[in-house]
Amino acid sequence: MQVIVLKDDRPGHYHQSEGVVLALSRITPVEVVRVDVHRRNKPLARYFRTLFVRGWISPNLLLSIAYKRFKLPKLSSNSLIVSAGGDTLLANVAVAKKSGCKNIFVGSTRGVSDQFFSMIHLIYDRYKNRPPYVVTLKPNTVDPDQAKLLEQRHSMKDAECCLLVGGTTKSYLYKDSDWERLIDVVRSTSERLECRWRVSTSRRTPPEVVELFDDFAKQYPDCVLEFINYENSGPGTAERLIMNADVVFVTEDSNSMITEGVAAQRPVVSLQPDSWSGSEDEKSYLKMLEDNKWMKRLTISELSSRKLEELIGAISPMKENHLDILAEKIADRLGISYSTER
């Protein structure tokens, strides 16, 4: 199967598309072609969308006026379009309509009718019985079959932990005291339980917080085995840390990194500031993860090394491979026959 991945410049989006492709590869052999998408005029996106969905402009015209330097390989009706993120939405629909091939979009369709999609992937339970929606964990490229073998843990004694540090968003407001307390607990946990840490920042981590953790890592090399500054390393390092960790700690502003920890079948603890909010959908997703006992949530102001140790024994990491779950749902939605024995 030829799979056309339309990708913008945001790792969080195209990693979801790559997760879909990885699941597809468990169903059938795939030939992947990646096409960069650059939207020409974002403020006019709603206008273009209205014209297109009403049938007032053709797919070719939409692609030429809404996108820069948009070039596609030769397509057939058996090709499959996959994309995630708002910048790729109209291109996804236009290419599918132009070629007659099926399409998968990951994320909210922003008012574009469901009829334009062969499959829409969302993570929120309220969509799970609505065709053409498929609801699973947020798609990602973590394959637990390739991760370090892990036994059920009841303690952090001698554990190798990873800490993924994000930053303030419209839903999560971190204070200086949150970062200071987090560092203090990492140090005290390491001293008391002889566990070691690998720490990574992310694209939203403020420079002063990056510096704070960098200084800490240099001061306590026996505690922090590795410190990764996202600005220097770029995307992809968090997955490596997760796949080799015994326990994963993530600031809760990133449900993508939380999901990757769960998908890797690690015990996951998400860390909240005192001031946080979120949509009901976002809250329901976190609640689903916690109700399945795949993760625990904790406010940073409540952190202590003893509290963390108590939480670990209450977590039962995911046992199924999330890629197999997604593969089965894709096959069912798109009518693809495949064997569950690989």
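Identify, among ILE57, LEU164, ILE183, the residue whose Cα sits farthest towards the positive end of the charge dipole of the chain, taking +1 on the Cβ of Lys and Arg and -1 on the Cβ of Asp and Glu, with the dipole about the Cα centre.
ILE57
Report the chymotrypsin sites (Phe, Trp or Tyr not before Pro) located in the range 50-102 that are in a DSSP loop and have at most 15 other Cβ atoms inside 10 Å of their Cβ, or state none.
Within the range 50-102, the qualifying chymotrypsin sites (Phe, Trp or Tyr not before Pro) (loop, at most 15 other Cβ atoms within 10 Å) are TRP56.
Give the residue from GLY100, SER79, LEU22 lying farthest towards the positive end of the charge dipole for the range 2-118; charges sit on Cβ (+1 for Lys and Arg, -1 for Asp and Glu) and the dipole is referred to the Cα centre.
Of the listed residues, the answer is GLY100.
Say R0 is 30 Å: what FRET efficiency, to the nearest 0.05, do ASN129 and ILE336 get from their beta-carbon distance?
0.90
Antiparallel versus total DSSP beta bridges in the chain: what percent is that, nearest 5?
In the chain, DSSP labels about 5 percent of beta bridges as antiparallel.
Give the dimensionless ratio obtained when the Cα radius of gyration of the chain is divided by 2.2 N^0.38 Å.
So the Cα radius of gyration is 1.06 times the expected 2.2 N^0.38 Å.
Can you run phi through the Karplus equation (6.51, -1.76, 1.60; θ = phi - 60°) for the range 120-136 and list ³J(HN,Hα) in whole Hz, with x for Gly and Pro?
10, 9, 9, 9, 9, 4, 5, 9, 5, 10, 10, x, x, 7, 10, 10, 8
Hey, can you grab everything whose amide H is under 5 Å from the amide H of VAL269? Only 5+ residues off in sequence or another chain; H modelled, so Pro and N-termini drop out.
VAL248, PHE249, VAL250, LYS296
Please list, ordered by chain and number, the residues whose modelled amide H lies under 5 Å from the amide H of VAL106; skip anything fewer than 5 residues away on the same chain.
SER83, ALA84, GLY85, HIS121
Explain nothing, just compute: Karplus ³J(HN,Hα) = 6.51 cos²θ - 1.76 cosθ + 1.60, θ = phi - 60°, for every residue of the range 228-237 in order, whole Hz, x for Gly and Pro.
Using θ = phi - 60°, the values come out as 10, 8, 4, 4, 8, 8, x, x, x, 6 Hz.
Write down, largest first, the equivalent ellipsoid semi-axes of the range 1-110 in whole Å, where each equals the square root of 5 times an eigenvalue of the alpha-carbon gyration tensor.
23, 15, 12
For an R0 of 22 angstrom, estimate the FRET efficiency from the Cβ-Cβ distance between GLU320 and GLU151 and round to the nearest 0.05.
Rounded to the nearest 0.05, the efficiency is 0.80.
Do any chymotrypsin sites (Phe, Trp or Tyr not before Pro) in the range 146-242 lie in a DSSP loop with no more than 14 other beta carbon atoms within 10 Å, and if so, which?
none
Placing unit charges on C-beta atoms (Lys and Arg positive, Asp and Glu negative, everything else neutral), compute the dipole magnitude of the range 144-312 about its Cα centre in debye, rounded to 20.
In total the dipole reaches around 280 debye.
Excluding the sites themselves, what is the longest stretch of the chain that contains no GluC sites (Glu not before Pro) in a DSSP loop with at most 13 other C-beta atoms within 10 Å?
Between the exposed loop sites, the longest stretch runs 1-150.
Taking a 30 Å limit on the Cα-Cα distance, which of the listed pairs LYS71/LYS287; LYS307/LYS329; LYS157/LYS329; LYS68/LYS283; LYS7/LYS283 fall beyond it?
LYS71/LYS287; LYS307/LYS329; LYS157/LYS329; LYS68/LYS283
In whole Hz, what ³J(HN,Hα) sequence does the range 257-269 give by Karplus (6.51, -1.76, 1.60; θ = phi - 60°), x for Gly and Pro?
6, 4, 4, 4, x, 5, 5, 7, 6, 9, x, 10, 10
Counting each pair of different Cα atoms once, what's the Kirkwood radius of the range 128-262 in Å, rounded to one decimal?
15.9
Check the straight Cα-Cα distances from LYS218 and name the aspartates and glutamates below 12 Å, setting aside those fewer than 8 residues away within the same chain.
GLU226
Could you tell me which trypsin sites (Lys or Arg not before Pro) in the range 171-269 are loop residues by DSSP with no more than 16 other beta carbons within 10 angstrom of their beta carbon?
Those satisfying the criteria are LYS175, ARG203, ARG204.
For the range 31-89, what number results from the quotient of the Cα radius of gyration and 2.2 N^0.38 Å?
It is 1.17.
Collect residues whose amide H, placed 1.01 Å from N in the peptide plane, falls under 5 Å from the amide H of THR136; neighbours closer than 5 in sequence don't count.
Residues meeting the amide H criterion: LEU122.
Ignoring everything except DSSP H segments at least 4 long, calculate the 222 nm mean residue ellipticity for the chain; use -39,500 (n - 2.57) per segment, divide by total residues, nearest 500.
Mean residue ellipticity at 222 nm (helix-derived): -11500 deg cm²/dmol.
No lab work stands behind these numbers, since they all come straight from the coordinates. Note that the coordinates shown come from a computational prediction; the quantities given were computed from them, not determined experimentally. Positions of Cβ are backbone-derived with ideal geometry, glycine not excepted, and every protein chain shown enters the neighbour counts.
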